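Chemist: Here's a structure for you.
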Amino acid sequence: MILDCAVIGGGPAGLNATLVLGRSRRKTILFDDNKPRNIVTSESHGFVTRDGIHPQEFKRIAQEELSKYPDVRIENQRVHRINKENNLFQVETENGEVYSAKKIILATGFKEVLPDIPGVREFYGKSLFSCPFCDGWELKDRPLAVIAEDQKAFHMAKLVSNWTNDLIVFTNGSKVISLEEQELLKSKGIGINEKKIAAFIGADGMLEKIQFVDDTVVLCEGGFIAAEWKQAASFESSLEYALNEHGGIETDSWQRTKTEGVFACGDTRIAGPSQLIIAAGEGSMAAMAVNAALIEEKFNQV
Ligand SMILES: Cc1cc2nc3c(=O)[nH]c(=O)nc-3n(C[C@H](O)[C@H](O)[C@H](O)COP(=O)(O)OP(=O)(O)OC[C@H]3O[C@@H](n4cnc5c(N)ncnc54)[C@H](O)[C@@H]3O)c2cc1C
């Protein structure tokens, strides 16, 4: 059987794309190996009607909703390879199964590359986060840190100061804040610490203090890290698509990539703010674009 669409990645982007495709009576398979970016956290915020939901509960509800649609199938396995042959895409899974699809939606997300500081993984997703719009409310009015080793430090300190008046920006040994920016931050009561960090210290993922290589410590209950990003997908592929300056897959406003028949949505585009609701919205848009393309092909057939 030739599928209308194979959706790779079952986070909010891929789930919503699949929902819209299923409701459009498109034969669709959603592949997911369940390693989403937010696996480290237990609450997702900022999605109206879902504020505070556990990410895996979000996925469970979505998969239950998808089960109502007979043209949709979910495969809980990793896609290993995608190739295009004669206008069809061959999708090979880690178990060696091969599926043919007319269209592909990439919804594979991205991964953070966190600074190499001892303890950082223990706290990330529990008291250290990357997006204050997602997790700032829970940390409001506490002594917080912004940890940024690059030019994002100044911008992020300004942003996070919205949630607390007790804020220090830590650059972990880098000199990335100009004198002018330092003056501005200090004038707003934001501290600056350019010492090299030795470790994050606390218990059960809750940060208590930051220790420096000179053995001094600063008390701190949480904060935000400026991370680097990289594509989460690791499959082999002959597909060609352009990447933007952040390493995200470039698309037009209909989620179309440079390769005809391949669409991308959600975090994998790394094009700006990343949130569940944005990813889900882009998934919906990608599904509508797939439909539009399939309809055009049908009506252009002689
Ligand atoms: C600590 C933390 C807290 C966050 N808190 C919030 C919050 O409170 N509110 C909010 O809106 N956002 C939050 N986010 C951001 C949110 O998690 C992302 O924006 C969102 O998950 C992006 O959805 P996505 O579908 O694009 O990607 P993901 O959710 O990452 O899903 C991608 C899926 O694709 C799968 N996949 C990848 N490659 C393959 C392959 N080859 N084959 C099969 N499957 C594959 C992955 O396993 C994964 O399940 C948080 C992120 C982090 C890290």
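The values are calculated or read from the model by the stated rules, or taken from the named source; none is laboratory data. The shown structure was predicted, so the numbers you read here are calculated from the model rather than taken from an experiment. A quick note on method: Cβ atoms are made from the backbone with ideal geometry, for glycine too, and the neighbour counts reach across all protein chains shown. Protein only, heavy atoms only, side chains kept; ligands, DNA and RNA dropped before computing areas. Shrake-Rupley method; radii C 1.70, N 1.55, O 1.52, S 1.80 Å.
Chemist: Taking only region 259-269 into account, find how many residues are polar (S, T, N, Q) and either away from the ligand (no atom under 11 Å from the Cβ) or surrounded by fewer than 24 Cβ atoms within 10 Å (Cβ to Cβ) (or both). Let's see the steps before the verdict.
Modeler: Here is the first cut: in region 259-269, the ones polar (S, T, N, Q) are 259, 268.
Still in the list and also either away from the ligand (no atom under 11 Å from the Cβ) or surrounded by fewer than 24 Cβ atoms within 10 Å (Cβ to Cβ) (or both): 259.
Of the residues in region 259-269, 1 are polar (S, T, N, Q) and either away from the ligand (no atom under 11 Å from the Cβ) or surrounded by fewer than 24 Cβ atoms within 10 Å (Cβ to Cβ) (or both).
Chemist: Restricting attention to region 183-202, which residues are more than 16 Å from Lys152 (Cβ to Cβ) and either outside the structural domain of Phe170 (by TED's automatic domain parsing) or assigned to a loop (DSSP other than H, G, I, E, B) (or both)?
Modeler: Lys188, Gly189, Lys195, Lys196, listed by residue number.
Chemist: Please go through region 10-31 and give me each residue that is in contact with a strand residue (DSSP E or B) (Cβ under 7 Å, 6 or more places away or on another chain) and free of Cβ contacts under 8 Å to residues at least 60 places away in the same chain, ordered by number.
Modeler: Gly22, Lys27, Thr28, Leu30
Chemist: What is the residue count in region 244-258 for residues that are under 17 Å from Asp4 (Cβ atoms) and surrounded by 24 or more Cβ atoms within 10 Å (Cβ to Cβ)?
Modeler: Selection size over region 244-258: 1.
Chemist: Check Ser127, Ser44 and return the single one that is in contact (Cβ under 8 Å) with a residue 40 or more places away in the chain, small (Gly, Ala, Ser) and more than 9 Å from the ligand (Cβ to nearest atom). Working first, answer last.
Modeler: Numbers: Ser44 fails: more than 9 Å from the ligand (Cβ to nearest atom).
Of Ser127, Ser44, the one residue that is in contact (Cβ under 8 Å) with a residue 40 or more places away in the chain, small (Gly, Ala, Ser) and more than 9 Å from the ligand (Cβ to nearest atom) is Ser127.
Chemist: Further, regarding this structure: Would you tally the residues in region 59-80 being within 26 Å of Glu260 (Cβ to Cβ) and open to solvent by 70 Å² or more (accessible area, probe 1.4 Å)?
Modeler: 1
Yes/no matrix, rows are residues, columns are (1) in contact with a Lys or Arg (Cβ under 6 Å, 6 or more places away or on another chain); (2) open to solvent by less than 30 Å² (accessible area, probe 1.4 Å); (3) over 26 Å from Ile277 (Cβ atoms):
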residue	(1), (2), (3)
Glu138	no, no, no
Gln151	no, no, yes
Ser178	no, no, yes
Thr216	no, no, yes
Lys230	yes, no, no
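Chemist: So, one more: Quick check: anything in region 124-134 surrounded by fewer than 19 Cβ atoms within 10 Å (Cβ to Cβ) and over 30 Å from Ser237 (Cβ atoms)?
Modeler: yes
Chemist: Sticking with this structure for a sec: Does at least one position in region 188-199 carry a residue that is open to solvent by less than 30 Å² (accessible area, probe 1.4 Å) and in contact with a Gly (Cβ under 6 Å, 6 or more places away or on another chain)? Even if it seems obvious, please write down each step before you answer.
Modeler: So in region 188-199, the residues open to solvent by less than 30 Å² (accessible area, probe 1.4 Å) come out as 190-191, 193, 197, 199.
Then drop every residue that is not in contact with a Gly (Cβ under 6 Å, 6 or more places away or on another chain), which leaves 199.
Yes, region 188-199 contains at least one residue that is open to solvent by less than 30 Å² (accessible area, probe 1.4 Å) and in contact with a Gly (Cβ under 6 Å, 6 or more places away or on another chain).
Chemist: With respect to the numbered conditions (1) in the same structural domain as Arg121 (by TED's automatic domain parsing); (2) touching a Lys or Arg at 6+ places or on another chain (Cβ under 9 Å); (3) open to solvent by 20 Å² or more (accessible area, probe 1.4 Å); (4) without any contact (Cβ under 8 Å) to a residue 24 or more places away in the chain, which one is the sole condition not fulfilled by Phe212?
Modeler: Failing condition for Phe212: (3).
Chemist: Go through region 270-281 and give me each residue that's open to solvent by 30 Å² or more (accessible area, probe 1.4 Å) and assigned to a helix (DSSP H, G or I).
Modeler: Leu276, Ile277, Ile278, Gly281
Chemist: On to the next question. Would you point out the residue of region 94-109, among those that are of a type in the set (Gly, Ala, Ser) and within 17 Å of Asn291 (Cβ to Cβ), that is farthest from the ligand (Cβ to nearest atom)? Explain how you work it out, then say what you get.
Modeler: Our first condition is that a residue be of a type in the set (Gly, Ala, Ser); within region 94-109, this holds for 96, 100-101, 107, 109.
Then keep just the ones that are within 17 Å of Asn291 (Cβ to Cβ); that gives 101, 107.
Values: Ala101: 14, Ala107: 5 Å.
The qualifying residue farthest from the ligand (Cβ to nearest atom) is Ala101.
Chemist: Also, quick follow-up: Any idea how many residues of region 13-33 are within 13 Å of the ligand (Cβ to nearest atom) and touching a Pro at 6+ places or on another chain (Cβ under 9 Å)?
Modeler: Keep residues of region 13-33 that are within 13 Å of the ligand (Cβ to nearest atom), which gives 13-19, 29-33.
Going one step further and asking which of them are touching a Pro at 6+ places or on another chain (Cβ under 9 Å), we end up with none.
Residues meeting the conditions: 0.
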